[in-house]
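Step one of this worksheet: look at the structure below.
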Amino acid sequence: MSQYAIRTEHLSRAFGALRAVEDLTLEVPAGILFGFLGPNGAGKTTTIRLLLGLLPPTAGTAFVLGYDVRTQANAIRARCGALLEHAGLYERLSAADNLEFFGRVARLPRDERQARIRQLLTDLGLWERRGEPVVTWSRGMKQKLAIARALLHRPDLLFLDEPTAGLDAVSAAALREDLVRLARQEGITIFLTTHNLSEAERLCQQVAVIREGRLLAVGSPEALRRQRRAPVHLVTSGLTPAVLEGLRATFGVEVIQSGEADGHWAVNLGPQQSVAPLVAYLVQHGVAVEEVRREHVSLEEVFLSLVQENEHAE
């Protein structure tokens, strides 16, 4: 198998004058949980449909598990699982009957099908309730069953479009734990769209951020956080306007908050700048430094900065 589960080059899709996906070049390594992030209307769902061969590209190329989305869409869908806008369950049937039906559609042999159904329902904590009509279940349980349906035929790649949307906090946390465990246990690649940035930060080894169909950034959450300016908070005494001006000239820092009365300050350093030289400069100029604390930049802050910067650039 290729080291990449997904590779696109200049992938685009237009609906008349609307450019839903534009010039998307992306590589998703095999075997990771990959987050695809963007505001509403960014082109996330359209991208998934392109990758599954459900929509033809207007321009560019895409290969999923080594197959061309233009000419080998059936092979792609046979080797992928997907949970998109709808769970795709028959709610009057029981959980076991749902999976039995989809297993037959996938042409799984009887013994293999029954073993797989038991395994997935057990792993997701649903086995004891397998005989109940799905209509009586909570939304969280239905989402788990929908994921079991998507995994039934042992896909190499699983597409999940907002899988925790609409779930309460407890159900969402449980589903996230299941996803991490199943990804490790099944050895698959998961391509996940979500509006929950803290969720992506916890789950994903790599993320991509798009807006209006265009890729803004891609990398690990840690790498993206390192590229942003993290505020440094200081508690000092003896910090004069002259020393502060020296800080600006020497280090190029930007004071974003100051409290001359109580000695509390906040400054912005560049993403690769160390705090140590700044503290040494203060001490050399007679400033007593009582506390230094560098804030943690969250993936949500990175995401908002990228989107806002892109808006201002237009």
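Observations on the structure shown:
- Electrostatic dipole magnitude of the chain [Cβ: Lys, Arg +1; Asp, Glu -1; Cα centre; debye, to 20]: 1460 debye
- The residues neighbouring Ile76, those whose beta-carbon lies less than 13 Å from its own, together hold a net charge of +3 under the Lys/Arg +1, Asp/Glu -1 convention.
- Zone residues, segment 97-132, relative to Val180, backbone N less than 19 Å from point 7 Å out along Cα-to-Cβ: 123-125
- The chain: calculated mean residue ellipticity at 222 nm from DSSP helix runs of at least 4, using -39500 (n - 2.57): -11500 deg cm²/dmol
- Label point distance in nm, Thr61-Thr136, each placed 7 Å from Cα along Cα→Cβ: 5.4 nm
- Between helix 169-186 and the chain there is an angle of about 70 degrees, using the helix long axis and the longest principal axis of the Cα atoms.
- Sorted fewest first by neighbouring Cβ atoms within 10 angstrom, Ser305, Ser274 come out as Ser274, Ser305.
- Leading residue at positive end of dipole, the chain (Cβ point charges), from Thr194, Tyr67, Pro29: Tyr67
- You can think of it this way: the chain between Thr25 and Glu290 has 90.6 nm of extra reach, that is 0.36 nm per residue less the Cα-Cα gap.
- Estimated from the Cβ-Cβ distance and a Förster radius of 45 angstrom, the FRET efficiency linking Leu93 and Arg202 is about 0.85.
- Computing log10 I(q)/I(0) by the Debye sum over Cα atoms at q = 0.11, 0.15 Å⁻¹ for the structure here picks out one of (1) -0.77, -1.13; (2) -0.67, -1.37; (3) -0.63, -1.21, namely (1).
- Each of Phe191, Phe36 was scored by other Cβ atoms within 10 Å of its Cβ. Listed from fewest to most, they are Phe191, Phe36.
- Leading residue at positive end of dipole, the chain (Cβ point charges), from Leu234, Ala280, Leu157: Leu157
- Stretching Ala276 away from Arg129 to a fully extended chain increases their span by 47.1 nm, per 0.36 nm per residue minus the current alpha-carbon distance.
- Segment 4-225: relative contact order in percent, alpha carbon pairs under 8 Å with at least 6 residues between: 29 percent
- Nitroxide proxy distance, nm - points 7 Å out along Cα→Cβ at Glu112 and Leu304: 4.9 nm
Any read-out appearing in this document is the output of simple, stated calculations on the displayed coordinates, not a laboratory observation. On a predicted model such as this, the values are computed, not experimentally measured, just so you know. Positions of Cβ are backbone-derived with ideal geometry, glycine not excepted, and every protein chain shown enters the neighbour counts.
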